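Beneath this line is the structure, given in structure tokens, with notes to follow.
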Amino acid sequence: MTDSNFNPNRPDPIMSVDGAFFWKAAAEGRFVVQKCGGCGLLHHPPRAMCPECLSTKKEEALLSGRGAVASWVMPIHPPAFGFDTPPIVALIELEEGIRMISNIEGADPKAMKVGLAVKVGFTKTRGGHTLPIFHLA
């Protein structure tokens, strides 16, 4: 699924070896995070070892894509690079209990508030990469 509010100037994500699985899954339209192969903890952003048990065993966990706004902001000054209008940047509390920072697309800033239900979607960057964004549910 690709977001209808495509922004051809949206910056590309910063790729890392640990996060390669996340970006590959996003390109396939799947929303995943890292799961520790030792203790089962879900965590994001991806990293070389589990922050809980220090295991280096990694697995991929498919997420529901549903969550709620835990906090949000619209950067006004200086203008956000790659956006013609200020984006809504939100901290999303996912159903699975982890948090992720992303953009909320297609929402009226006047209607934004903590606790709003959101669902994941995907959009392209100027370099053709796919990233998860959120819409009000």
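What follows is calculated from the coordinates using simple rules that are stated; it is not laboratory data. Not measured: the values here are computed from a predicted model. Here Cβ is always computed from backbone atoms with ideal geometry, including for glycine, and neighbour counts include all displayed protein chains.
The figures follow:
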{"quantity": "Long-range HN-HN contacts of THR123 with modeled amide H, under 5 Å", "calculated": "ASP3, LEU131, ILE133"}
{"quantity": "Potential lengthening between CYS53 and HIS129 on full extension [0.36 nm per residue; Cα-Cα distance subtracted]", "calculated": "24.1 nm"}
{"quantity": "The chain: relative contact order in percent, alpha carbon pairs under 8 Å with at least 6 residues between", "calculated": "29"}
{"quantity": "Long-range HN-HN contacts of GLU60 with modeled amide H, under 5 Å", "calculated": "LYS35"}
{"quantity": "In order through segment 120-137: 3J(HN,Hα) via Karplus (6.51 cos²θ - 1.76 cosθ + 1.60), integer Hz, x for Gly, Pro", "calculated": "6, x, 10, 9, 9, 9, 4, x, x, 7, 10, 9, x, 10, 10, 10, 5, 7"}
{"quantity": "Gained length - ASP108 relative to CYS39, 0.36 nm times residue gap less alpha-carbon distance", "calculated": "20.8 nm"}
{"quantity": "Mean ellipticity per residue at 222 nm, deg cm²/dmol - from DSSP H runs of n ≥ 4 across the chain, formula -39500 (n - 2.57)", "calculated": "-1500 deg cm²/dmol"}
{"quantity": "Pairwise centroid distance, computed over Cα atoms, of segment 5-49 with segment 55-81, Å", "calculated": "10"}
{"quantity": "Total charge dipole magnitude, the chain, about the Cα centre, Cβ charges on Lys, Arg, Asp, Glu only, Debye to nearest 20", "calculated": "60"}
{"quantity": "Amide H within-cut-off set for GLY82, under 5 Å, with H built and near neighbours excluded", "calculated": "none"}
{"quantity": "Cβ-derived FRET efficiency at R0 22 Å, ILE14 paired with ALA70, nearest 0.05", "calculated": "0.45"}
